[in-house]
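Structure record follows, encoded as structure tokens.
The values are calculated or read from the model by the stated rules, or taken from the named source; none is laboratory data. Note that the coordinates shown come from a computational prediction; the quantities given were computed from them, not determined experimentally. Glycine gets a Cβ as well: all are built from the backbone with ideal geometry, and neighbour counts include every protein chain shown. Ligands, DNA and RNA are stripped out before the accessible areas are found, and what is left, the full protein with its side chains, is counted by its heavy atoms. Shrake-Rupley method; radii C 1.70, N 1.55, O 1.52, S 1.80 Å.
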Amino acid sequence: MQAILNKRVSKIALFYDLVFVYMISKTTEILHHLEHGLVSPTSFALFALIVIIFINSWMVQTVFTNRYGIGSWADIAFYFIDMMILLYMSNSFDTNNLTEMKILFISAGLLSLTLASHYLINYFQTKSEIDQNISRAFFLILIFRSIALIIGGLLDNIPGFVLAVIGIIFSWLMPILTTKYTIKHPIIFPHLLERLNLLVIIIFGETIIGIADYFRPNTFSLYSILIFLTVAILFFTYALQFDKFTDEDQDDVTGNALIYLHYLIIFGISLITVSIKFIHETDANSWFAVLCLYCGISLFYLGLLFATRYNKPQFKLRKSTILVFLITTLIGAISCLIWSSFEVITILTFIIVAINICWLVHLNLPHIKKGNPTIGFPFWYLNF
């Protein structure tokens, strides 16, 4: 039993994640195209839709591996097939012309079909009625999405687009309805948490690439350092929540809440990534850039707020913490909207995230130090 609870992330899963490095880069490009200083609502909607397609496929594969993956040749073959489809999907949409979705929908339908096939094989291989129910439920969800996407892509018109979107949204939410089955075969929480942590690191990697332009010889300044520190503090906040505060000894959990709250975090980081570029671009509307930045920060913090349900008792989020985060973020957003220069936005945003992390550490440091009374902030973090 202990071996199952301590299931390790396989090398093939890490190799699989490399595709998502490229996918995140390609998908984020959708939000880099400004029209009259703004990103159009259509671009935002399509960005969200495409991210859900990719990340949900990653989640489905990860949850399958968590419950049933044994590193067999069949598992490896499905990983490789999915990687090739994902690479093709990443190049199947034009970030300058997002009206052509036919190839993306059809290839996404084929990806859903391979994931469904994996569950179908597992249905016939397992002798457990619980696992057969889980496999059947996910098979039906994925087949529904596959059919909706392929037909939607082949129709290549407005009704087809609507059908594909319905297939994506419904299949994204349907796993919630499988709880009565999945609770009987809980996920291995530490394994799922580690996989999600690695995915978020990949997303933060795109942010680092995004701020790299501030570190050129002709652009480097004090503000470059503040921008980097802002990103580093946000990552530090995420790591603090999931490395120190989270109780990995979770029994009888489906992992659905952990998965869905990470969508908020992923969307938040993506908005932060694009807005960090916008705040310095003369073509971008300064109010729009500020709203993007603080909407991203708010989504990021909201995801961490929902994650407190998994915290150790001594690290449960206090109302004072929520209040501090809410007030500081709101003050930062309003102040940046009033004084919307690059310098003010950079300095204020750094101050806001720094205040929030200092407050979080201040409240929880006594509990952290209990394990080692001689250690103090920030040196305890070196143990991460």
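Quick notes on this structure:
- Exactly one residue out of I327, I334, I345 is β-branched (V, I, T) and touching a helix residue (DSSP H, G or I) at 6+ places or on another chain (Cβ under 8 Å), and it is I345.
- One residue from L18, L38, L31, L49 being over 23 Å from M174 (Cα atoms) and either modelled with pLDDT of 85 or more or of a type in the set (K, R) (or both): L18
- Identity of the residue in the range 306-334, among the aromatic types (F, W, Y) and free of Cβ contacts under 8 Å to residues at least 60 places away in the same chain, that ends up farthest from K244 (Cα to Cα): F325
- For the range 90-101, the count of residues that are assigned to a helix (DSSP H, G or I), free of Cβ contacts under 8 Å to residues at least 40 places away in the same chain, within 26 Å of F15 (Cβ to Cβ) and in contact with a helix residue (DSSP H, G or I) (Cβ under 6 Å, 6 or more places away or on another chain) is zero.
- Within the range 196-210, tally of residues that are farther than 11 Å from V21 by Cα, open to solvent by less than 20 Å² (accessible area, probe 1.4 Å) and at pLDDT 90 or above: 2
- Of I187, I176, I134, all but one fail to be in a helix (DSSP H, G or I), surrounded by 19 or more Cβ atoms within 10 Å (Cβ to Cβ) and touching a residue at least 24 places away in the same chain (Cβ under 8 Å); the exception is I134.
- Qualifying residue in the range 80-91 (condition: of a type in the set (D, E) and buried (at least 19 other Cβ atoms within 10 Å of the Cβ)): yes
- Among the residues of the range 14-72, those identified as among the small types (G, A, S), open to solvent by 10 Å² or more (accessible area, probe 1.4 Å), in contact (Cβ under 8 Å) with a residue 12 or more places away in the chain and in a loop (DSSP other than H, G, I, E, B) are G69, G71.
- The set of residues in the range 280-307 that are part of a helix (DSSP H, G or I) and modelled with pLDDT under 90 comprises S286, W287, F288, A289.
- Within the range 211-238, if we keep just the residues that are of a type in the set (V, I, T) and touching a residue at least 24 places away in the same chain (Cβ under 8 Å), the residue that is surrounded by the fewest Cβ atoms within 10 Å (Cβ to Cβ) turns out to be I211.
- Selection within the range 231-256: residues that are among the charged types (D, E, K, R) and outside any helix (DSSP H, G or I). The member of this set that is nearest to H362 (Cα to Cα) is D247.
- Any chance T329 is closer than 19 Å to I55 by Cα and either modelled with pLDDT under 90 or more than 20 Å from the chain's Cα centre (by Cα) (or both): no
- Subset tally (residues that are touching a strand residue (DSSP E or B) at 6+ places or on another chain (Cβ under 8 Å) and open to solvent by 40 Å² or more (accessible area, probe 1.4 Å)) for the range 243-282: 1
- Within the range 311-329, being assigned to a helix (DSSP H, G or I) and not polar (S, T, N, Q) holds for P313, F315, K319, I322, L323, V324, F325, L326, I327.
- Counted residues, the range 149-173 - those being assigned to a helix (DSSP H, G or I) and surrounded by fewer than 16 Cβ atoms within 10 Å (Cβ to Cβ): 8
- Every residue from the range 300-326 that is closer than 28 Å to L31 by Cα, of a type in the set (A, V, I, L, M) and surrounded by fewer than 20 Cβ atoms within 10 Å (Cβ to Cβ): L302, L305, L326
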